[in-house]
Each structure stands twice: as structure tokens, then as C-alpha cells.
Amino acid sequence: MVNAGDMNGSGNLMDFLDEPFPDVGTYEDFHTIDWLREKSRDTDRHRKITSKSKESIWEFIKSLLDAWSGWVVMLLIGLLAGTLAGVIDLAVDWMTDLKEGVCLSAFWYSHEQCCWTSNETTFDDRDKCPLWQKWSELLVSQSEGASAYILNYFLYVMWALCFAFLAVSLVRVFAPYACGSGIPEIKTILSGFIIRGYLGKWTLLIKTVTLVLVVSSGLSLGKEGPLVHVACCCGNFFSSLFSKYSKNEGKRREVLSAAAAAGVSVAFGAPIGGVLFSLEEVSYYFPLKTLWRSFFAALVAAFTLRSINPFGNSRLVLFYVEYHTPWYMAELFPFILLGVFGGLWGTLFIRCNIAWCRRRKTTRLGKYPVLEVIVITAITAIIAYPNPYTRRSTSELISELFNDCGALESSQLCDYINDPNMTRPVDDIPDRPAGPGVYTAMWQLALALVFKIVITIFTFGMKIPSGLFIPSMAVGAMAGRMVGIGVEQLAYHHHDWIIFRNWCRPGADCVTPGLYAMVGAAACLGGVTRMTVSLVVIMFELTGGLEYIVPLMAAAVTSKWVADAFGKEGIYEAHIHLNGYPFLDVKDEFTHRTLATDVMRPRRGEAPLSVLTQDSMTVEDVETLIKETDYNGFPVVVSKDSERLIGFAQRRELILAIKNARQRQDGVVSNSIVYFTEDPPELPPNSPHPLKLRRILNLSPFTVTDHTPMETVVDIFRKLGLRQCLVTRSGRLLGIITKKDVLRHMAQMANQDPESIMFN
């Protein structure tokens, strides 16, 4: 738009910002978005589309396409997330078995698939078939003996080291952001923080490939957490195809919330649990519309995974179980004890893991990520191989621990002494005395439990994809199964005790040890992550039994209470604080009696606030101010004397505006006046063209008075997602409070290091 009038000899004035230019409204890396502004921009865009839709049929069709684009994105996310999860499951199954042997008929078959296709497999030896050969059988034609054991042991360790080395090398070279579980960063991104490349295409590709490698290597980690990151990468990719989401960071985060739900849906085969996980654990802003879309994305993802059927059991997870006996009120006591164990384990794990990760960041240890991964993998493989419960994949271990002992089970855990006169249905076997296999399994499980507890502390946080859900569940399931067997044997040998007399008659099937394993798994996962509602729903979706909700709820609540008694932070919040991300947790309470004036800058003795004036600074003055400071934006005042507030201008948009004006507008030079008013200022004749920047000015910045309680300010930042708010008194600017200032003040009040908050 050109103002043709000649104003005081200044020639043609152009407010070139009436036409949008590239990158306006975008944010720099490691900065926080302005939620209010993004919401306002989306409202304006929607209003424009609605008004245009009445002009022609084509515009009406375009408005319909815009309305449906959200559902299309959810469909695509669900399809891709489900497909990737299925491929990962199949690849992990094959590569885990590759450490022990190979299928002669088709090398790409896992042990189980190989024996499915064999006609020579008998029921008693269903895990042995001629087509599947261990490495010792293939290389030296021996299946038993010391030499065969040593060769299998050596190759198991070598395969594990090979997988781990390949994984850490790929992460280091191609996608450094592909390491870790990704959930702390996803939480931070969903709260409005920008981490460019964290959800990029390379990260998606490398995380998918390396996830298969690290899980197959036998390290004490899971794929469930990283699958949330993978699903969010899918969400970011598809949202970039639609301008509605690619140009609005607030809308993009709605898509990412739904993608997180799809990730948990395929990780656990729990679509409803996935939606609740996104709502309870990762999302910052979760409107009702996002709830519906999350539900749809989780549904499509679960349906896609079910179609692939990676486990061959028509289930979405490996450890799906069904129990046939009810639980009794007296069992609530051991369930609550498992909850206490889960809370204590969660506290121990968080404190030890954070201490180790801090040591990794602050010492020379962090300079050798490849060596660290190799050493931990070697230790894990060498200690894990002799124990059958640590040698197998953690998912298979959990599956065995969850299982009820039926007549067809060949596991050591089901080696009970049978009554030869028993004639019962297959699924209603009475409690029996434990045989030698059960006692052997008990001490092996005890050793495996100690090993898992220790090694997981050092594994989580290495420079490889590493999830925490499965190792936490394994720790709880092992403890739970041992408690379950203990209660079962107590009930069998002392059925005349008063606590067992009412519900455990001789010959009855009263105690299900697998249920205790499931409750223990929920308790330990709850203790580490502090999940409650979503955790219980995920666990009952895993088992398909609504009957066991009360034991799960009792254990989850107890573990949270116990863990919260030692510290409110879950593992993900602890890692967010360790990395210094600007995450303002909705769950944190601020109860200190401080005021805005105590937190605002500038403080006493500091240089005055850097401001812009509405019509008295030149382009050179503005550029000098930008060069000499690193602030994200500047308040605009009437004059430096009056300091009456007009608005707020973002640093990035000032830089882009001046750069574009110099390229596109004739006559803009260093001594051109910059003005933020509607009309140009009175200028002397022959002065250079002024530059109008009113379009980039936020005329309604959020303000508080200097006597506003910080409790209110924290609430405002939390609920409106502000980047900064200005402090005024009677319309006169006094200072500014940024999100970083709020977080540092909260850290200071909690006797923590305020300098740990590194980003704004």
C-alpha cells in the first residue's frame, strides 16, 4: 500500500508490512512461542476463510477442505505410527533371536516363526525344531557341552555389542536428537518451546532404525517411550504439509498432542490409555477438539497395528493375559505393599539416575558416549546371559511373569507338584505346592531383580533411544511374581489361618501370582513416572480385565503417595530440570508471598530497561539496540521521559522488518525515522523516508501492576502460556517479567540453583 500524499517532503510512504513477508510470526530456535498471539492469528485466519466461503463455490470447497484437514492429518499419523510400530516389533523379534541362532529355512524368521513352519515340532519340545539352529550347532555341530555354551555365550555378547555400536554411531553421526526416550522434550515442546530438528525427518528415520538395534541388543530399556517420540515426528511431518498447522505453532502442538496419544496406543495396544496419557502426562494445552482427534488417531494407529499382527496372537501387545479367578479383599494388603515398593523404587531410581546423568554432563564421561554405550552393553550382556530371565527380551520376560499357570505351561514358574487324582477344567487348576523348578525360578528372579534395578539406572539417559516403561514394569513384575508365589504357598500350606479360611478352601484356585506381577508392574511404573489414571487404564487394556481395576488403582495411588513423600518430580520432570528447559509445570504449586516488583527486571542497581520510542528513533538506533542486547523483544513507549506504554515489538520481527524494508522500499536509510503510530511524525523538509512498523507492534501486551502477587503472575504465565508480561504503574512502564524470570524465581524459592534455567 502506498500513501500518495507528500508529507513534509518525505515522499511516498509505504507501510510494506500490509503485505506479509517471509518468516514473520516465526520463532527462533530454543525460544518459547506466544500462545495468545498464535490463538489470535488462527482466529483471524478462520474468520477470513469463513467470510470468503460465501463468495464462491470454490472458496466454499476450500473452507470444507480446511475444516477436514485436521482429521486427514490424524488419519495419516495413525496409519504411519501403526505401521512403524508393527515393523519395529517384527524386526526386534527377529534380531533378538538372531543373537542365539538362525532359521535354516528362511534366515529372516524369528525362532517362533521358524518353528511354526516346521512339520517336525512336537508339543513337548515346541521350542525346539530342526529348522532352528543355535550358533554352536551351525558352526561346530554341537548343541550341548561346555564348548557349545562358551561359543553361544561369546556370540551373544558380540551381537549385542555390534547392535549397540551401530545404534550409537548412527545417532551420533546423523541425528543427535534421536537419543533418550524423547518424552521430556516432547513435554517441553508441547508447553510451547521450540527445538528445531527434534521432530525432523532424519530424527524419525534414525530413531526408528536405532530403536530396533538397541532393544535387540538386550540393554535394559524399552521401545514404548521412544514410540511416543516417533509418533510425534510423524505428526510434525504431516502437519508441515498443511499451512493451517505449519504456519501456526499453537495449532501444530494440538496435532503433536494427538500424535503422542497414537504413540502410546501402539506401544501398549491401549488406545484409550494413550488419549489419557497425552492428557495427563505430556500435553500442556488440551482443548476438547484435541481430545476427539487424539481418540481418532489412537484408534487408527491401534487398528493399523492389529492389521499387521506382529505377535501372531491377534493382540496388540506381547503380554496380553486373561485371568480366571477373582481377587479377594485380604489380597489388598500385599497389593498395597507392592505399591509401597513401587514408590520406593521410583524414588531410588530418579535420584540415582539424575545423579549419574548430572555426572555425565559435568565430567569427562560425557565426552565418550560411544565408549559408555559399549561398556554398559558388554556388562549387561555378560551378566545377563547365564540367567534365563535376563537373557530373553524384557517384553517376553514380562509376558511370562504375567501369565497364569495353565495345564499347558512349560515355564519353570509353573513347575508345581500335581495331584494325580485331579480332574478339573484346564483353566481352573487348584493351588498346589511349589516344585523344585519354582524355587529355582525364585532365586533366579531375585538375582534378575537386583541386576535390573542397578543396570537400568546407568542405561537410561545414554546417547541411544531408551524407554523406561518396560524396564520399570519388569522390575515391578519380578517383585510382584515373587510376592504372588509367596502368598500362594502361604495360602496352600496355612489355609486354616483366619485370613485364608473364608476364601481359600483346600483344592480351590485362590491366588493368581500373575496378577501380583501385573500390580507390581503398575506400581513401579507409577512410582517412576507419577502417572495414575492413564496408568491404570493402560494396564487394564493390556490385560482385558475390568475386574482388576481396584488392585491396580490401590497400587498406583500408593506408589504415587510414597514417591511424592520423597519428592514431587517424576523422572520426566527431573530430566526437564536437569536440561534447563523452560517448563512451567501445571502441577507445581507456588505459595510464597512475593510480588511482581521482586521479580521484574531491571532490579535496583541494574541498567534501565531497553525500550523503543514510538516516533523518535532512527533505523540505526534500532539496529544498534538489537546488536548490543540479546532480548527477545522491546517495550514501545511514547518517549523515554514519560515512559507511557504503547505496545511490545518482537526482536526477530524487527530484524526481519528492517531487512525487508531496506530491500523492498526505496529511500529507507540508517537515519530514517522508525515510527509505530498510525500517522507519520512531523519531519523537517528533505529528511529521508520514515519507516512505519505499526503492523509488527503488539498493541495489547499483557501487563500487571508492580504490586500483583507472584502467585497470580505464575498462574497467568501457566494458563495463558505467556512469554513475557510488562509491569506498569498508572500506565507507566516499570519493568518486564519473562518466563525465565518466573522459573528462576520459583527455583530460588525452592532452594534450587536458579542458573539451571538456561532457555527462555
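The values are calculated or read from the model by the stated rules, or taken from the named source; none is laboratory data. These figures come from a predicted structure and were not determined experimentally. Methodologically, a virtual Cβ is constructed for each residue, glycine included, from the backbone with ideal geometry; neighbour enumeration extends over all protein chains shown. Surface areas here come from the heavy atoms of the whole protein model, side chains and all, with no ligands, DNA or RNA. Shrake-Rupley method; radii C 1.70, N 1.55, O 1.52, S 1.80 Å.
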Requested in this report: Measure out, as a whole number of angstrom, how far apart the alpha-carbon centroids of segment 202-243 and segment 353-383 sit.
Outcome: 22
Query - Rounded tilt (10° steps) of 549-566 against the dominant C-alpha axis of the chain - result: 60
Report task. Treating cross-link reach as a plain straight distance, find the lysines whose alpha-carbon is under 28 Å from the alpha-carbon of residue 201, omitting any fewer than eight places away in the same chain. Result -> 39, 187, 223, 244, 247, 251, 289, 361, 367, 463
Report task. Using Cα positions and a limit of under 18 Å, work out the lysines in reach of residue 54, with same-chain residues fewer than 8 apart set aside. Result -> 62
Query raised in the report: With contacts defined as alpha carbon pairs under 8 Å and 6 or more residues apart, what's the relative contact order of the chain in percent?
Result: 16
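Please find the FRET efficiency linking residue 365 to residue 288, where r is the Cβ-Cβ separation and R0 is fixed at 35 Å, and quote it to the nearest 0.05. Could the numbers behind the result be given before it?
Details: r = 47 Å, r/R0 = 1.33.
E(calc), rounded to 0.05, equals 0.15.
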Requested in this report: Check the straight Cα-Cα distances from residue 128 and name the aspartates and glutamates below 16 Å, setting aside those fewer than 8 residues away within the same chain.
Outcome: 97, 100, 112, 120, 137, 144, 409
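Would you mind finding the longest exposed-site-free stretch of the chain, with exposed chymotrypsin sites (Phe, Trp or Tyr not before Pro) meaning DSSP loop and at most 10 other Cβ atoms within 10 Å? Show your work: numbers first, answer last.
Numbers: sites that count: 107, 123.
In the chain, the maximal stretch lacking such sites is 124-760.
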Query raised in the report: Just how many % of Cα pairs in the chain lie over 46 Å apart, if you round to the nearest whole percent?
Result: 33
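Whenever you get a sec, compute what percent of the accessible area on the chain sits on carbon and sulfur atoms (1.4 Å probe). Kindly include the intermediate steps, with their values, before the conclusion.
On the way: 20060 of 33490 Å².
Solvent-exposed carbon and sulfur of the chain make up 60 percent of the total.
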Query raised in the report: Measuring from label point to label point, each 7 Å out along Cα→Cβ, what is the residue 564 to residue 494 span in nm?
Result: 3.4
Query raised in the report: When all protein chains stay in place, what accessible area (Å², nearest 10, 1.4 Å probe) is found for residue 383?
Result: 90
Query raised in the report: Simple spin-label model, 7 Å along Cα-to-Cβ: residue 26 to residue 61 in nm?
Result: 3.1
Report task. Would you mind getting me the FRET efficiency between residue 138 and residue 598? Use the beta-carbon distance for r and R0 = 51 Å, nearest 0.05. Result -> 0.10
Report summary line: So, with points 7 Å from each Cα along the Cβ direction, the residue 729-residue 546 label distance in nm works out to 6.2
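Would you calculate, for the chain, the mean residue ellipticity at 222 nm contributed by helices, counting each DSSP H stretch of 4 or more residues as -39,500 (n - 2.57) and dividing by all residues, to the nearest 500?
On the way: 28 runs with 411 residues, N = 760.
After summing the helix terms and dividing by the residues of the chain, the value is -17500 deg cm²/dmol.
Hey, what's the chain come to in accessible area per residue, 1.4 Å probe, Å²?
44
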